[in-house]
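Engineer: Pasting a structure here, questions to come.
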Amino acid sequence: MTAAAAELLESLRERHGPLMFHQSGGCCDGSSPMCYPSGDFLVGDRDVLLGVLDVGDGVPVWISGPQYEVWKHTQLVIDVVPGRGGGFSLEAPEGVRFLSRGRVFTDDEKALLQAAPVVTGTAYERGERPTERGQVVALDGAAAPGTCGPGAR
């Protein structure tokens, strides 16, 4: 996540309590990361935990199993940009929206990821958690390294 996204998440966490993300797969909310109070979005048994962002007690980031299969070669970096996003996501009234920026993993990163177990919704319910939390990867106003930045097409 970017520093701007971390700052907004902290503000939302202070107002709404523990949070979670689900990377939307389309339909009415496009393909934006959707931010909800923890537990307000029901995680499916086959949903995949992409990671836990290092904000507060941690913000889990989920994606559907089929969508994970399409995107598993890509690092998704959560950023925040001006504009109105999905109506169900907590940042909607703030005049900004969360946005996922992508970067293809290197071959070495892919090998590390393939060695790590995938945590599904079912496994999470059993208490399985990832070993690390996602860190801030870029400063405000700058794209995360290797991703499409603001204004890029």
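Every number in this text was worked out from the coordinates using simple rules, so none of it is lab data. All figures in this text were calculated on a predicted structure; none of them were measured in a lab. Positions of Cβ are backbone-derived with ideal geometry, glycine not excepted, and every protein chain shown enters the neighbour counts.
Engineer: Excluding Ser11 itself, calculate the net charge of residues whose Cβ lies under 10 Å from the Cβ of Ser11, where each Lys or Arg counts +1 and each Asp or Glu counts -1. Spell out each step's value before the answer.
Structural biologist: Numbers: positive: Arg13, Arg15; negative: Glu7, Glu10, Glu14, Glu91, Glu94.
Neighbour charge sum, excluding Ser11 itself: -3.
Engineer: When only alpha-carbon atoms are used, what values of Rg and Dmax, in angstrom, describe segment 1-66?
Structural biologist: 11.6, 33
Engineer: Quick one: check the C-alpha center-to-center distance for segment 64-128 versus segment 31-61, whole angstrom.
Structural biologist: 9
Engineer: Rounding to the nearest 20 debye, state how big the charge dipole of segment 3-125 is about its Cα centre with +1 on each Lys and Arg Cβ and -1 on each Asp and Glu Cβ.
Structural biologist: 300
Engineer: Across segment 3-125, how large is the tail of the calculated P(r) beyond 24 Å, expressed as a percent of all Cα pairs?
Structural biologist: 24
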